[in-house]
């Protein structure tokens, strides 16, 4: 089997085998307001991914070995393969990223200048939508081609690293059915009720943790939205405080009443004085008239 | 001498209930038919698409019902009630965002499922009817996306509907009637919202449930298509039953899709634009992402004018759908191996490339509008 095919046959199912477990962790991080693609969240995700990938790689590599290559691997293939793949990918993937982004940058600027000169010199009526699609097809084809070549190179490397494990593996005799039964037998858990209970228990705990972490109101409120119902404010009733405040109010009220009475009293005295004055004046007036 | 008066193997209450139902319904027969279906070539992840689609649909129904407890389908209150769901209902933002991303997931899964059936040649005899009902289901899923998009009643919803109904209007003979029926007036308003709401929560779910049931029935009648490669001996040696391996694969696939939808609800939750008005203002109308390629196609000069718009919006997509419906009757060659069907392989790659290029073009085109 070619290195590229072997690399793909092991890497593809490995990715999907570990994916659901990693997604559970990602979701819990998101519910806890942590981004799995940056900072501490990313570091935690990487940490969790190591044992998951080792397990998934061991399982998938052994499946490919038995099913396709008709050999059974040596024990500990997961750890051994993971260490080689991890070191290789840690170097290869950033290099691929740099190559693809550099090529894309050059392709974009080149196609842009070609299409612009074409538009100015040969076909001024070229529409915006046509120009966008034309440029995209031109630089996209180059980028896609380079990306595919880089991925094939990476898969070749993964396959090449796996070949030594294939050479060390022992061959399996028998028919297709025998091999299928052999691999089926290896995957049946020794204690099935325990496994089911563990799965169910883990599921229940994860659901509980998720709903505990999940914010009940939106973490992205609309900037123009005004809360419609804030609900009545609940105030605690403290009898002593209420009584003191009531006494204060009563005392104030008493003072006001007193003041009013005083004012009323003063006014009535003034009124009496004014009335006597007026009466005196009235008495004097007829005399004046006279 | 009688040693034990207790009868042996006396059924417990639960077993009695099961026995009671089984006697009347044939529960054990149904269970045996459901779980003991042979799968040629053994269980596969590729067979999980149908189950995942059913799972997404069930969760869309559940989240949709929960949202309906708060949503008010009137032009005056649709926007406010959606804002209320997002901002004030406990976990309402999450339910709405899940429902929103669930609809996109459904479109993606339908598309993936159809691609798989096409590439594996599983539409061929004797599965023509399964394929045809599947196409009808595709139409129903698209209808769900189109009608649900209007319900929040913000600018994005309103203008996407305006664009969609205008495209529908260009259909010969029935276009004018359909556009008038959906709008219920000269401009989208209360009648439009009511009609879209009824279609979204009553008509389409009923259609989908019925068609999905028919799809599964026809699929079971014709039998699983199995892998398109492998010798008959290999396929026979690996033949498995639906339970437990395929069920396990289905469950893991469902859980993965559920986790992806939940994550998308967190990363990009639903945030409304301004309330819908007949004046677009600064907003540039755009349909939902899975119609973007068609929208961008209509921007090309070749599709300008009345005839061009008709060709791009109705004639070409309509002809393509008619071709898909006729495919099992045109392609009668029993060969299913993809690598021995070069036209099918190249055709599928070309269509995928076309959709991808025009969708990305539509996204780049946004920069030229501002």
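Would you check if there is a residue in segment B:304-321 being within 10 Å of chain A (Cβ to nearest Cβ), free of Cβ contacts under 8 Å to residues at least 40 places away in the same chain and not in a helix (DSSP H, G or I)? Yes: one or more hits. Only residues that are modelled with pLDDT under 90 and under 24 Å from residue B:305 (Cα atoms) were counted in segment B:177-187, giving 2. In summary, residue B:9 fulfils each of the numbered conditions (1) within 14 Å of chain A (Cβ to nearest Cβ); (2) part of a loop (DSSP other than H, G, I, E, B); (3) over 30 Å from residue A:27 (Cβ atoms) with the single exception of condition (1).
Taken over segment B:289-303, the criterion of being facing another protein chain (nearest Cβ under 9 Å), part of a helix (DSSP H, G or I) and in contact (Cβ under 8 Å) with a residue 24 or more places away in the chain is satisfied by B:296, B:297. Per the listing B:80, B:22, B:90, the residue uniquely in a loop (DSSP other than H, G, I, E, B) and more than 22 Å from residue B:221 (Cα to Cα) is B:90.
Contact map, segment A:194-213: residues that are free of Cβ contacts under 8 Å to residues at least 60 places away in the same chain paired with residues that are not in a helix (DSSP H, G or I), Cβ distance under 6 Å, separation 6+ or inter-chain. Pairs shown: A:195/A:189.
Please indicate, with yes or no, whether at least one residue in segment B:138-154 is under 18 Å from residue B:71 (Cα atoms), in a helix (DSSP H, G or I) and within 14 Å of another protein chain (Cβ to nearest Cβ). No.
Per-residue answers, yes or no, for (1) outside the structural domain of residue A:60 (by TED's automatic domain parsing); (2) touching a helix residue (DSSP H, G or I) at 6+ places or on another chain (Cβ under 6 Å); (3) at pLDDT below 80:
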residue: A:180; (1), (2), (3): no, yes, yes
residue: A:183; (1), (2), (3): no, yes, no
residue: A:207; (1), (2), (3): no, no, no
residue: A:222; (1), (2), (3): yes, no, no
residue: A:227; (1), (2), (3): yes, no, yes
residue: A:231; (1), (2), (3): yes, no, yes
residue: A:256; (1), (2), (3): yes, no, no
residue: A:261; (1), (2), (3): yes, no, no
residue: A:266; (1), (2), (3): yes, no, yes
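Does at least one position in segment B:53-74 carry a residue that is more than 23 Å from residue B:270 (Cβ to Cβ) and either more than 14 Å from chain A (Cβ to nearest Cβ) or within 24 Å of the chain's Cα centre (by Cα) (or both)? Checked segment B:53-74: at least one residue is more than 23 Å from residue B:270 (Cβ to Cβ) and either more than 14 Å from chain A (Cβ to nearest Cβ) or within 24 Å of the chain's Cα centre (by Cα) (or both). The set of residues in segment A:114-151 that are more than 14 Å from chain B (Cβ to nearest Cβ) and not in a helix (DSSP H, G or I) contains only A:122. Could you check segment A:180-216 and list, in sequence order, the residues that are within 11 Å of chain B (Cβ to nearest Cβ), more than 30 Å from residue B:93 (Cβ to Cβ) and not in a helix (DSSP H, G or I)? A:188, the sole residue that qualifies.
From the list A:154, A:160, the one residue that fits, being in a helix (DSSP H, G or I) and either within 13 Å of chain B (Cβ to nearest Cβ) or more than 30 Å from residue B:358 (Cβ to Cβ) (or both), is A:160.
Looking at segment B:216-243, which of the residues that are facing chain A (nearest Cβ under 10 Å) and assigned to a helix (DSSP H, G or I) is farthest from the chain's Cα centre (by Cα)? Within segment B:216-243, the match that is farthest from the chain's Cα centre (by Cα) is B:233.
If only residues of segment B:71-84 that are touching a residue at least 12 places away in the same chain (Cβ under 8 Å) and within 14 Å of residue B:197 (Cα to Cα) are counted, the one that is surrounded by the fewest Cβ atoms within 10 Å (Cβ to Cβ) is B:74.
For segment B:346-361, the count of residues that are closer than 18 Å to residue B:111 by Cβ and either at pLDDT below 95 or touching a strand residue (DSSP E or B) at 6+ places or on another chain (Cβ under 9 Å) (or both) is zero. Looking across segment A:163-179 at every residue that is touching a residue at least 40 places away in the same chain (Cβ under 8 Å) and more than 30 Å from residue A:89 (Cα to Cα), the one that is nearest to the other protein chains (Cβ to nearest Cβ) is identified as A:179.
Taking the conditions (1) within 14 Å of chain A (Cβ to nearest Cβ); (2) touching a strand residue (DSSP E or B) at 6+ places or on another chain (Cβ under 6 Å) in turn, residue B:97 satisfies each one other than (2). So, residue B:286, is that one more than 13 Å from chain A (Cβ to nearest Cβ) and either part of a loop (DSSP other than H, G, I, E, B) or closer than 19 Å to residue B:150 by Cα (or both) or not? In short, yes.
Checked against the criteria, residue A:95 does not count as crowded, with 17+ Cβ neighbours inside 10 Å, away from chain B (no Cβ under 14 Å) and over 30 Å from residue B:303 (Cβ atoms). Under 8 Å by Cβ, and 6 or more places apart or on different chains, what pairs join a residue from segment B:249-272 that is at the interface with another protein chain (Cβ under 9 Å from one of its Cβ atoms) and outside any helix (DSSP H, G or I) with one that is modelled with pLDDT under 95 and surrounded by fewer than 19 Cβ atoms within 10 Å (Cβ to Cβ)? From residues that are at the interface with another protein chain (Cβ under 9 Å from one of its Cβ atoms) and outside any helix (DSSP H, G or I), the pairs are B:269/A:219; B:269/A:220; B:271/A:220; B:271/A:222; B:272/A:222.
The values are calculated or read from the model by the stated rules, or taken from the named source; none is laboratory data. Predicted, not measured: the structure shown is a model, and the values here were computed from it. FYI the Cβ positions are ideal-geometry reconstructions off the backbone, even for glycines, and counts take in every protein chain you see.
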